[in-house]
Amino acid sequence: MVEPCLVVGVLDNGVESLAPEALDGVQAADLIIGGRRTLELFHAVIRADAECKDLTGCLSQVPQWVVEAQQGHRRVVILASGDPLCHGIGGYLVEKLGRPAVRLLPNLSLIQVACARLKQPWQALRIASVHSRDVGEWHVGAGPEHGLHGLLQVLVREKLVGIFTSPENTPGRIARMLLTEELAGDCEMAVAECLLQDGECIHDWMDVAAVSQRVFAEPNVVLVRRCAVPKDALFGLEDARFDQRKPDKGLITKREVRAVSLARMALQRDSVVWDIGAGSGAVGLEAARLCTRGHVYAIEKNAEDGAIILRNRASLQVTNYTLVQGKAPAGLTEWPDPDAIFIGGSGGELRELIQICLARLRPGGHLVMNFATLENLGTALACLAASATVWDVTQLQAARSRPILEMHRLQAENPVWILCAEKSVSAAGGA
(Lines give C-alpha, C1' and ligand atoms only; values in the text may rest on other atoms or scores of the structure.)
Protein backbone atom coordinates (compact mmCIF):
# COMPACT_ATOMS: atom_id res chain seq x y z
CA MET A 1 0.00 0.00 0.00
CA VAL A 2 1.26 3.48 -0.91
CA GLU A 3 1.15 5.84 2.06
CA PRO A 4 -0.91 8.96 1.21
CA CYS A 5 0.91 12.25 1.09
CA LEU A 6 -0.03 14.47 4.04
CA VAL A 7 -1.16 18.02 3.25
CA VAL A 8 -0.77 20.12 6.39
CA GLY A 9 -2.41 23.52 6.78
CA VAL A 10 -0.02 25.99 8.42
CA LEU A 11 -0.14 29.64 9.49
CA ASP A 12 2.42 32.40 9.72
CA ASN A 13 3.11 31.82 13.41
CA GLY A 14 4.98 28.72 12.33
CA VAL A 15 5.23 25.72 14.62
CA GLU A 16 2.71 27.24 17.04
CA SER A 17 0.02 26.75 14.39
CA LEU A 18 0.48 22.96 14.27
CA ALA A 19 -1.66 20.50 16.21
CA PRO A 20 0.29 17.52 17.67
CA GLU A 21 -0.78 15.20 14.84
CA ALA A 22 0.40 17.68 12.20
CA LEU A 23 3.71 18.26 14.00
CA ASP A 24 4.32 14.52 14.21
CA GLY A 25 3.66 14.23 10.47
CA VAL A 26 6.14 17.00 9.61
CA GLN A 27 8.87 15.51 11.82
CA ALA A 28 8.36 12.04 10.31
CA ALA A 29 8.48 13.21 6.67
CA ASP A 30 11.22 12.18 4.27
CA LEU A 31 10.19 14.83 1.73
CA ILE A 32 8.78 18.25 2.67
CA ILE A 33 7.23 20.37 -0.10
CA GLY A 34 6.26 23.99 0.44
CA GLY A 35 6.83 27.58 -0.52
CA ARG A 36 10.23 29.07 0.19
CA ARG A 37 9.03 31.21 3.08
CA THR A 38 6.98 28.38 4.59
CA LEU A 39 9.94 25.99 4.54
CA GLU A 40 11.99 28.58 6.39
CA LEU A 41 9.26 28.96 9.05
CA PHE A 42 9.40 25.22 9.83
CA HIS A 43 13.12 24.66 9.40
CA ALA A 44 13.61 23.96 13.12
CA VAL A 45 11.25 20.95 13.15
CA ILE A 46 12.21 19.39 9.82
CA ARG A 47 14.58 16.45 10.15
CA ALA A 48 18.12 17.16 9.07
CA ASP A 49 18.08 14.21 6.66
CA ALA A 50 14.73 15.14 5.11
CA GLU A 51 14.65 16.53 1.58
CA CYS A 52 12.96 19.91 1.05
CA LYS A 53 11.52 21.08 -2.28
CA ASP A 54 10.40 24.64 -2.98
CA LEU A 55 7.16 24.63 -4.98
CA THR A 56 7.34 28.35 -5.83
CA GLY A 57 6.68 28.55 -9.57
CA CYS A 58 6.68 24.74 -9.81
CA LEU A 59 3.12 23.80 -8.89
CA SER A 60 2.64 21.61 -11.96
CA GLN A 61 5.63 19.47 -10.91
CA VAL A 62 4.38 18.75 -7.40
CA PRO A 63 2.20 15.71 -8.28
CA GLN A 64 5.17 14.04 -9.99
CA TRP A 65 7.40 14.77 -6.98
CA VAL A 66 4.81 13.09 -4.77
CA VAL A 67 4.43 10.03 -7.00
CA GLU A 68 8.18 9.50 -7.27
CA ALA A 69 8.59 9.76 -3.49
CA GLN A 70 5.69 7.37 -2.85
CA GLN A 71 7.15 4.84 -5.26
CA GLY A 72 10.32 4.96 -3.17
CA HIS A 73 8.25 4.39 0.01
CA ARG A 74 9.10 7.84 1.33
CA ARG A 75 6.75 9.82 3.54
CA VAL A 76 5.65 13.09 1.89
CA VAL A 77 4.32 16.21 3.62
CA ILE A 78 3.12 19.30 1.77
CA LEU A 79 2.90 22.53 3.75
CA ALA A 80 -0.04 24.67 2.61
CA SER A 81 -1.34 27.97 3.90
CA GLY A 82 -4.46 27.84 6.09
CA ASP A 83 -7.11 25.43 4.85
CA PRO A 84 -5.64 23.62 1.81
CA LEU A 85 -9.13 23.09 0.36
CA CYS A 86 -10.03 26.79 0.45
CA HIS A 87 -8.35 28.39 -2.59
CA GLY A 88 -5.33 26.25 -1.79
CA ILE A 89 -3.33 23.35 -3.19
CA GLY A 90 -5.52 20.63 -1.66
CA GLY A 91 -8.11 20.44 -4.44
CA TYR A 92 -5.41 20.43 -7.11
CA LEU A 93 -3.60 17.50 -5.51
CA VAL A 94 -6.80 15.49 -5.06
CA GLU A 95 -7.62 16.04 -8.73
CA LYS A 96 -4.15 15.01 -9.94
CA LEU A 97 -3.36 12.19 -7.50
CA GLY A 98 -6.80 10.86 -6.57
CA ARG A 99 -8.56 10.94 -3.23
CA PRO A 100 -6.91 7.82 -1.73
CA ALA A 101 -3.44 9.28 -2.35
CA VAL A 102 -4.00 12.44 -0.29
CA ARG A 103 -4.63 13.04 3.41
CA LEU A 104 -5.45 16.54 4.64
CA LEU A 105 -5.03 18.23 8.01
CA PRO A 106 -6.63 21.68 7.60
CA ASN A 107 -5.88 24.74 9.70
CA LEU A 108 -7.74 28.00 10.17
CA SER A 109 -8.24 30.06 7.04
CA LEU A 110 -6.66 33.51 7.18
CA ILE A 111 -10.07 34.90 6.23
CA GLN A 112 -11.44 33.26 9.37
CA VAL A 113 -8.65 34.78 11.45
CA ALA A 114 -9.32 38.22 9.94
CA CYS A 115 -13.02 37.95 10.81
CA ALA A 116 -12.11 37.01 14.38
CA ARG A 117 -9.86 40.05 14.70
CA LEU A 118 -12.67 42.28 13.40
CA LYS A 119 -15.33 40.42 15.43
CA GLN A 120 -17.23 39.97 12.18
CA PRO A 121 -19.61 36.96 11.93
CA TRP A 122 -18.65 35.09 8.79
CA GLN A 123 -21.18 32.27 8.30
CA ALA A 124 -22.68 34.16 5.33
CA LEU A 125 -19.34 35.35 3.94
CA ARG A 126 -18.34 34.52 0.36
CA ILE A 127 -14.63 33.78 -0.13
CA ALA A 128 -12.81 34.89 -3.29
CA SER A 129 -9.21 34.94 -4.47
CA VAL A 130 -7.25 37.15 -6.85
CA HIS A 131 -4.09 35.03 -6.87
CA SER A 132 -3.96 35.40 -10.65
CA ARG A 133 -1.49 36.90 -13.04
CA ASP A 134 -1.10 40.67 -13.07
CA VAL A 135 -3.37 42.03 -15.82
CA GLY A 136 -3.34 45.64 -14.67
CA GLU A 137 -5.95 48.02 -13.36
CA TRP A 138 -9.63 47.41 -14.00
CA HIS A 139 -11.46 49.43 -16.67
CA VAL A 140 -15.15 49.72 -17.52
CA GLY A 141 -16.19 47.05 -20.02
CA ALA A 142 -13.34 44.62 -19.31
CA GLY A 143 -14.35 41.03 -19.94
CA PRO A 144 -13.75 37.63 -18.33
CA GLU A 145 -10.14 37.67 -19.56
CA HIS A 146 -9.31 40.25 -16.88
CA GLY A 147 -8.03 38.76 -13.63
CA LEU A 148 -10.42 40.84 -11.51
CA HIS A 149 -13.59 40.09 -13.51
CA GLY A 150 -14.67 37.13 -11.40
CA LEU A 151 -14.11 39.01 -8.16
CA LEU A 152 -16.15 41.97 -9.36
CA GLN A 153 -19.14 39.75 -10.14
CA VAL A 154 -18.97 38.36 -6.60
CA LEU A 155 -18.71 41.85 -5.07
CA VAL A 156 -21.79 42.99 -6.97
CA ARG A 157 -23.90 40.05 -5.75
CA GLU A 158 -22.73 39.43 -2.17
CA LYS A 159 -23.08 41.48 1.01
CA LEU A 160 -19.84 40.26 2.63
CA VAL A 161 -16.77 39.00 0.76
CA GLY A 162 -13.38 37.87 2.05
CA ILE A 163 -10.56 38.16 -0.48
CA PHE A 164 -7.15 36.51 -0.69
CA THR A 165 -5.04 39.19 -2.37
CA SER A 166 -1.71 39.00 -4.20
CA PRO A 167 1.29 41.35 -4.48
CA GLU A 168 -0.14 42.62 -7.80
CA ASN A 169 -3.86 42.56 -7.05
CA THR A 170 -3.71 44.62 -3.88
CA PRO A 171 -6.39 46.12 -1.63
CA GLY A 172 -5.77 49.45 -3.37
CA ARG A 173 -6.39 47.95 -6.82
CA ILE A 174 -9.59 46.30 -5.63
CA ALA A 175 -10.74 49.62 -4.16
CA ARG A 176 -9.98 51.46 -7.40
CA MET A 177 -12.06 48.90 -9.29
CA LEU A 178 -15.03 49.64 -7.03
CA LEU A 179 -14.53 53.35 -7.64
CA THR A 180 -14.33 52.84 -11.40
CA GLU A 181 -17.61 50.89 -11.37
CA GLU A 182 -19.31 53.52 -9.16
CA LEU A 183 -19.85 50.95 -6.39
CA ALA A 184 -17.69 52.63 -3.76
CA GLY A 185 -20.53 54.53 -2.12
CA ASP A 186 -22.27 51.26 -1.25
CA CYS A 187 -19.20 49.50 0.18
CA GLU A 188 -16.61 49.64 2.93
CA MET A 189 -13.40 47.67 3.28
CA ALA A 190 -11.23 46.22 6.05
CA VAL A 191 -7.64 45.02 5.60
CA ALA A 192 -5.71 42.57 7.78
CA GLU A 193 -1.93 42.80 7.32
CA CYS A 194 0.62 40.16 8.30
CA LEU A 195 -1.80 38.05 10.35
CA LEU A 196 -0.17 36.04 13.17
CA GLN A 197 3.18 37.74 12.56
CA ASP A 198 4.99 40.29 14.70
CA GLY A 199 3.90 43.07 12.35
CA GLU A 200 0.20 42.16 12.39
CA CYS A 201 -2.05 45.18 11.84
CA ILE A 202 -5.82 45.31 11.45
CA HIS A 203 -7.32 48.23 9.54
CA ASP A 204 -10.96 48.42 10.60
CA TRP A 205 -13.77 49.31 8.22
CA MET A 206 -12.74 52.18 5.92
CA ASP A 207 -14.13 54.14 2.97
CA VAL A 208 -13.23 52.62 -0.37
CA ALA A 209 -11.68 55.90 -1.51
CA ALA A 210 -9.28 55.85 1.45
CA VAL A 211 -8.19 52.27 0.72
CA SER A 212 -7.58 53.14 -2.94
CA GLN A 213 -4.79 55.55 -1.98
CA ARG A 214 -2.98 53.35 0.56
CA VAL A 215 -0.27 50.72 0.36
CA PHE A 216 -0.60 47.80 2.76
CA ALA A 217 2.06 45.38 3.97
CA GLU A 218 2.19 41.89 2.45
CA PRO A 219 0.69 39.41 2.97
CA ASN A 220 -2.81 40.70 3.57
CA VAL A 221 -6.45 39.73 3.21
CA VAL A 222 -9.40 42.02 2.52
CA LEU A 223 -13.01 42.08 3.62
CA VAL A 224 -15.58 44.03 1.59
CA ARG A 225 -18.97 44.78 3.10
CA ARG A 226 -21.89 46.19 1.10
CA CYS A 227 -23.92 48.67 3.12
CA ALA A 228 -26.63 49.17 0.50
CA VAL A 229 -27.97 46.82 -2.17
CA PRO A 230 -30.22 48.03 -5.05
CA LYS A 231 -33.83 46.89 -4.82
CA ASP A 232 -34.58 46.61 -8.54
CA ALA A 233 -36.74 43.73 -9.71
CA LEU A 234 -34.84 40.67 -10.89
CA PHE A 235 -36.58 40.70 -14.28
CA GLY A 236 -38.87 42.87 -16.37
CA LEU A 237 -37.78 46.38 -15.38
CA GLU A 238 -40.16 49.16 -16.32
CA ASP A 239 -39.20 51.28 -19.31
CA ALA A 240 -38.74 54.38 -17.16
CA ARG A 241 -35.92 52.63 -15.26
CA PHE A 242 -33.74 53.11 -18.33
CA ASP A 243 -32.38 56.41 -19.54
CA GLN A 244 -33.47 56.89 -23.16
CA ARG A 245 -32.73 59.24 -26.01
CA LYS A 246 -34.78 62.44 -25.96
CA PRO A 247 -36.94 63.97 -27.35
CA ASP A 248 -37.83 60.89 -29.47
CA LYS A 249 -37.48 58.60 -26.44
CA GLY A 250 -38.04 55.54 -28.56
CA LEU A 251 -34.90 53.43 -28.88
CA ILE A 252 -35.83 50.94 -26.21
CA THR A 253 -37.35 47.50 -26.41
CA LYS A 254 -40.57 47.91 -24.43
CA ARG A 255 -41.02 45.84 -21.30
CA GLU A 256 -43.60 43.41 -22.72
CA VAL A 257 -41.51 42.65 -25.81
CA ARG A 258 -38.29 42.63 -23.79
CA ALA A 259 -39.66 40.06 -21.34
CA VAL A 260 -40.73 37.67 -24.10
CA SER A 261 -37.48 38.17 -26.03
CA LEU A 262 -35.37 37.40 -22.97
CA ALA A 263 -37.46 34.33 -22.24
CA ARG A 264 -36.96 33.07 -25.81
CA MET A 265 -33.18 33.50 -25.52
CA ALA A 266 -33.23 30.59 -23.02
CA LEU A 267 -30.52 32.17 -20.89
CA GLN A 268 -28.42 30.28 -18.36
CA ARG A 269 -26.47 31.84 -15.50
CA ASP A 270 -23.20 31.39 -17.42
CA SER A 271 -24.45 32.34 -20.90
CA VAL A 272 -22.36 34.42 -23.28
CA VAL A 273 -24.75 36.86 -24.97
CA TRP A 274 -24.48 39.18 -27.97
CA ASP A 275 -26.70 42.27 -28.17
CA ILE A 276 -26.54 43.78 -31.68
CA GLY A 277 -28.01 47.24 -32.15
CA ALA A 278 -28.24 47.81 -28.41
CA GLY A 279 -30.20 51.09 -28.49
CA SER A 280 -30.63 52.09 -24.83
CA GLY A 281 -29.16 48.78 -23.67
CA ALA A 282 -32.33 47.47 -22.03
CA VAL A 283 -32.26 43.91 -23.41
CA GLY A 284 -28.52 43.36 -22.97
CA LEU A 285 -28.41 44.87 -19.49
CA GLU A 286 -31.33 42.74 -18.30
CA ALA A 287 -29.64 39.70 -19.84
CA ALA A 288 -26.44 40.52 -17.94
CA ARG A 289 -28.38 40.71 -14.67
CA LEU A 290 -29.81 37.24 -15.35
CA CYS A 291 -26.49 35.73 -16.50
CA THR A 292 -24.62 36.40 -13.27
CA ARG A 293 -21.74 34.08 -14.22
CA GLY A 294 -21.82 34.98 -17.90
CA HIS A 295 -21.07 38.07 -19.96
CA VAL A 296 -22.88 40.28 -22.46
CA TYR A 297 -21.15 41.85 -25.47
CA ALA A 298 -23.12 44.73 -27.00
CA ILE A 299 -22.59 46.92 -30.06
CA GLU A 300 -24.28 50.22 -30.89
CA LYS A 301 -23.45 52.54 -33.79
CA ASN A 302 -24.96 55.75 -32.40
CA ALA A 303 -22.59 57.62 -30.08
CA GLU A 304 -25.40 59.30 -28.14
CA ASP A 305 -27.05 55.94 -27.48
CA GLY A 306 -23.67 54.52 -26.47
CA ALA A 307 -23.37 57.15 -23.76
CA ILE A 308 -26.92 56.37 -22.62
CA ILE A 309 -26.08 52.66 -22.40
CA LEU A 310 -23.09 53.37 -20.16
CA ARG A 311 -25.25 55.50 -17.88
CA ASN A 312 -27.80 52.69 -17.64
CA ARG A 313 -25.00 50.19 -17.00
CA ALA A 314 -23.74 52.26 -14.08
CA SER A 315 -27.22 52.95 -12.71
CA LEU A 316 -28.07 49.23 -12.65
CA GLN A 317 -24.59 48.30 -11.33
CA VAL A 318 -24.11 45.82 -14.18
CA THR A 319 -20.45 44.85 -14.46
CA ASN A 320 -20.51 41.80 -16.77
CA TYR A 321 -21.26 43.90 -19.86
CA THR A 322 -18.93 45.13 -22.59
CA LEU A 323 -20.05 47.83 -25.03
CA VAL A 324 -18.44 48.40 -28.41
CA GLN A 325 -19.17 51.69 -30.15
CA GLY A 326 -19.50 50.82 -33.83
CA LYS A 327 -21.61 49.31 -36.58
CA ALA A 328 -22.04 45.55 -36.72
CA PRO A 329 -20.71 43.27 -38.07
CA ALA A 330 -17.42 45.11 -37.47
CA GLY A 331 -15.87 43.84 -34.24
CA LEU A 332 -17.92 40.65 -33.88
CA THR A 333 -14.92 38.49 -34.79
CA GLU A 334 -13.26 39.56 -31.52
CA TRP A 335 -16.10 38.26 -29.35
CA PRO A 336 -16.36 34.70 -27.99
CA ASP A 337 -18.96 32.43 -29.53
CA PRO A 338 -22.37 33.15 -27.97
CA ASP A 339 -25.03 31.01 -26.35
CA ALA A 340 -27.69 33.58 -27.21
CA ILE A 341 -27.95 36.53 -29.59
CA PHE A 342 -30.42 39.41 -29.69
CA ILE A 343 -30.71 41.61 -32.77
CA GLY A 344 -32.62 44.78 -32.05
CA GLY A 345 -31.19 46.84 -34.90
CA SER A 346 -29.24 45.88 -38.00
CA GLY A 347 -28.19 49.15 -39.63
CA GLY A 348 -29.07 47.81 -43.08
CA GLU A 349 -26.82 44.75 -42.72
CA LEU A 350 -29.49 42.28 -41.62
CA ARG A 351 -28.78 39.48 -44.10
CA GLU A 352 -25.04 39.44 -43.38
CA LEU A 353 -25.63 39.69 -39.63
CA ILE A 354 -27.95 36.70 -39.58
CA GLN A 355 -25.46 34.59 -41.52
CA ILE A 356 -22.64 35.53 -39.16
CA CYS A 357 -24.77 34.94 -36.08
CA LEU A 358 -25.93 31.50 -37.20
CA ALA A 359 -22.33 30.52 -37.97
CA ARG A 360 -21.00 31.68 -34.60
CA LEU A 361 -23.91 30.63 -32.38
CA ARG A 362 -23.06 27.64 -30.22
CA PRO A 363 -25.04 24.42 -30.80
CA GLY A 364 -28.28 24.62 -28.86
CA GLY A 365 -28.06 28.43 -28.80
CA HIS A 366 -30.87 30.84 -29.63
CA LEU A 367 -31.05 33.81 -31.99
CA VAL A 368 -33.87 36.26 -31.21
CA MET A 369 -34.75 39.20 -33.44
CA ASN A 370 -37.32 41.99 -33.11
CA PHE A 371 -38.91 43.59 -36.17
CA ALA A 372 -41.39 46.40 -36.62
CA THR A 373 -41.48 46.28 -40.46
CA LEU A 374 -42.68 43.62 -42.87
CA GLU A 375 -39.64 44.13 -45.10
CA ASN A 376 -37.09 43.29 -42.41
CA LEU A 377 -39.19 40.34 -41.24
CA GLY A 378 -39.30 39.03 -44.81
CA THR A 379 -35.54 39.38 -45.23
CA ALA A 380 -34.90 37.53 -41.99
CA LEU A 381 -37.32 34.71 -42.85
CA ALA A 382 -35.65 34.24 -46.24
CA CYS A 383 -32.24 33.96 -44.56
CA LEU A 384 -33.49 31.42 -42.06
CA ALA A 385 -35.25 29.38 -44.74
CA ALA A 386 -32.02 29.20 -46.73
CA SER A 387 -30.14 27.97 -43.67
CA ALA A 388 -32.60 25.17 -42.85
CA THR A 389 -32.76 26.53 -39.31
CA VAL A 390 -35.76 25.75 -37.11
CA TRP A 391 -37.58 29.02 -36.39
CA ASP A 392 -40.88 30.50 -35.25
CA VAL A 393 -42.50 33.94 -35.19
CA THR A 394 -44.61 35.57 -32.51
CA GLN A 395 -46.47 38.79 -33.14
CA LEU A 396 -46.84 40.77 -29.95
CA GLN A 397 -49.01 43.83 -29.55
CA ALA A 398 -49.53 45.21 -26.06
CA ALA A 399 -51.95 47.89 -24.96
CA ARG A 400 -51.31 49.99 -21.88
CA SER A 401 -53.88 51.82 -19.78
CA ARG A 402 -53.96 55.61 -20.04
CA PRO A 403 -56.06 58.08 -18.02
CA ILE A 404 -58.84 59.92 -19.82
CA LEU A 405 -60.72 62.41 -17.66
CA GLU A 406 -61.75 60.36 -14.59
CA MET A 407 -61.52 57.05 -16.44
CA HIS A 408 -58.94 54.95 -18.26
CA ARG A 409 -58.60 53.71 -21.81
CA LEU A 410 -56.17 51.32 -23.50
CA GLN A 411 -53.54 52.75 -25.84
CA ALA A 412 -51.95 50.27 -28.23
CA GLU A 413 -48.20 50.01 -28.61
CA ASN A 414 -46.73 49.32 -32.04
CA PRO A 415 -46.92 45.63 -32.99
CA VAL A 416 -43.60 43.77 -32.98
CA TRP A 417 -42.61 40.46 -34.56
CA ILE A 418 -40.35 38.32 -32.39
CA LEU A 419 -38.46 35.90 -34.64
CA CYS A 420 -36.67 33.06 -32.83
CA ALA A 421 -34.24 30.53 -34.28
CA GLU A 422 -32.52 27.66 -32.47
CA LYS A 423 -29.25 26.16 -33.66
CA SER A 424 -29.29 22.38 -33.73
CA VAL A 425 -27.35 20.69 -30.96
CA SER A 426 -25.83 18.39 -33.59
CA ALA A 427 -24.47 21.36 -35.57
CA ALA A 428 -20.70 21.22 -35.71
CA GLY A 429 -19.91 24.27 -37.75
CA GLY A 430 -21.98 26.83 -39.60
CA ALA A 431 -25.74 26.79 -39.68
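The values are calculated or read from the model by the stated rules, or taken from the named source; none is laboratory data. Values in this document were obtained by computation on a predicted structure and should not be read as measured data. Note that we place each Cβ from the backbone using ideal geometry, even for glycine, and neighbour counts take in every protein chain shown. Please note that ligands, DNA and RNA were not included when accessible areas were found on the heavy atoms of the full protein model with its side chains. Shrake-Rupley method; radii C 1.70, N 1.55, O 1.52, S 1.80 Å.
Quick notes on this one:
- Interchain or long-range residues, amide H under 5 Å from Trp391's placed H: none
- Residue ranking by accessible heavy-atom surface, 1.4 Å probe, largest first, among Trp65, Trp205, Trp391 comes out as Trp391, Trp205, Trp65.
- Averaged over its residues, the chain has an accessible area of 48 Å² per residue, based on protein heavy atoms and a 1.4 Å probe.
- Carbon + sulfur, % of accessible area of the chain - ligands and nucleic acids excluded, 1.4 Å: 52 percent
- Violating pairs (Cα-Cα greater than 21 angstrom) within the set Lys254/Lys327; Lys53/Lys96; Lys246/Lys301; Lys159/Lys254: Lys254/Lys327; Lys159/Lys254
- Antiparallel bridges, percent of DSSP beta bridges restricted to the chain (to nearest 5): 50 percent
- The 1.4 Å probe gives accessible areas that order Val67, Val318, largest first, as Val67, Val318.
- Protection-proxy order for peptides 359-372, 33-46, each taking the mean of Cβ atoms within 10 Å per residue, highest first: 359-372, 33-46
- Relative contact order, percent, the chain [alpha-carbon distance under 8 Å, six or more residues apart]: 10 percent
- Rel. contact order, % - alpha carbon contacts under 8 angstrom, at least six apart, the stretch 46-129: 21 percent
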